[in-house]
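Just so it is clear, none of the values below were taken in a lab; they were calculated from the coordinates. Since we're looking at a predicted model, the values are computed, not measured. Counting neighbours? That spans all protein chains shown, and the Cβs are built from the backbone with ideal geometry, glycine included.
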DNA sequence: GTCTATAACATGATAGAC
DNA sequence: GTCTATCATGTTATAGAC
């Protein structure tokens, strides 16, 4: 409270460094010494903030999923209930991609290193992941009342695959903007590549 | 030549074991002892077949990409040049997914563990990957002559993301068949979820 | 072609000083 | 809250017998 500067505590610096390295090298490919080095401390000091490497990874993943959930909820509140289906889809696609690309590596870690993580780690993160995916399922059931639920979940999985894979090739500082990417993905999802 | 039984040589058994473990645990998360154990030999013996762990990984990835390329070429030859655009797309989507799910873990390794692999490994596999992606780019340029090339590459990346992510959730032995999945992805790609 | 044995090093984790 | 020092173990890789 004393200063306006964003005093980044030691714990946060460890989390930041860990998230970035986990994204680039995966869970097993990242060492505590690397994380400590990037956080400006020594490896042993990490254990003052986290009980184990696994616990650190879980903290990163859960932080990331909270960002995703917040982005989804904010978008849902901003959209008028009378908005067109296309606006809802584009808005939530944009929220998801923004969370991946604009909120640091926490959300990206979820996309790139969840699958290869030890089972013990995955099981501790599954609840938040499920809750996020459930929000999308419910959104789709509202937007597409005529479709059957099974097809909707399949379409959602296909959309998620397309969105999350962008973490591996999209460059937010390149020619294509995040807005343009969101619009393209949402339109391809709704109307396909053969639209008008 | 003496027997009909598929005599699986030591080298092939090492490759099979490595591919399966790399898929499940990633490159760094898999040890040579695990690979050797699953192949029925001791860790040191692996070095009779491969110079290093990295060389073994490169061999797995390149084997996988050859399967993908073969699947693409076979499909291209089977399709009549007069076939409808939708048939071409569905056929090649089916070929890609078949390679991922029906030809062992070699192709899946490409999808799940390429991104997190050491840069030195990735650079040795990039040529075959690029050549495969180029086949898709050329296919799209033929199928959609009116669209501009930049948009087509973007749409291909989105489609690839959707297809490759299925490796993380699709169960070929479940209720949904590979044919149904291919048809759904191809139709969503061409016409979107709002089709008829 | 596979084994045993081992070198050389990296890793996650702990204990105690400051 | 961070340090130094260290433990116990796991890791890739090598050398030489069979």
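When the Kirkwood hydrodynamic radius is evaluated over all pairs of different C-alpha atoms of the protein assembly as shown, what value in angstrom, to one decimal, is obtained? This gives a value of 22.7 Å. Peptides B:30-41, B:56-67 ranked from most to least packed, by the mean per-residue count of other Cβ atoms within 10 Å: B:56-67, B:30-41. Axis of helix A:119-143 versus longest Cα principal axis of chain A: the two differ by about 20°, to the nearest ten degrees. Inter-label distance, residue A:55 to residue B:141: 5.6 nm, where each label sits 7 Å from its Cα along the C-beta direction. Peptide A:108-119 has a mean shielding of 3, counted as Cβ atoms of other protein chains within 10 Å of each residue's Cβ. Summary of packing: across the peptides B:139-147, A:80-88, the per-residue average of other C-beta atoms within 10 Å ranks them, highest first, as B:139-147, A:80-88. Taking a ≥ b ≥ c as the square roots of the eigenvalues of the Cα gyration tensor of segment B:32-113, is the shape rounded (a/c under 1.5), prolate (a/b larger than b/c) or oblate? Verdict is prolate for segment B:32-113. Length available on full extension from residue A:122 to residue A:70: 0.36 nm per residue minus the Cα-Cα distance, which gives 16.6 nm.
Rounded to the nearest 10 degrees, what's the angle between the helix B:85-102 long axis and the longest principal axis of chain B, both from Cα atoms, 0 to 90? Orientation of helix B:85-102: about 20 degrees from the principal axis. Over segment A:52-194, the reciprocal of the mean inverse Cα-Cα separation, the Kirkwood hydrodynamic radius, stands at 15.9 Å. Taking the C-alpha atoms only, the angle from helix B:10-25 to the longest principal axis of chain B is near 60 degrees. The slack in the chain from residue B:11 to residue B:153, taken as 0.36 nm per residue of separation less the alpha-carbon distance, amounts to 47.3 nm.
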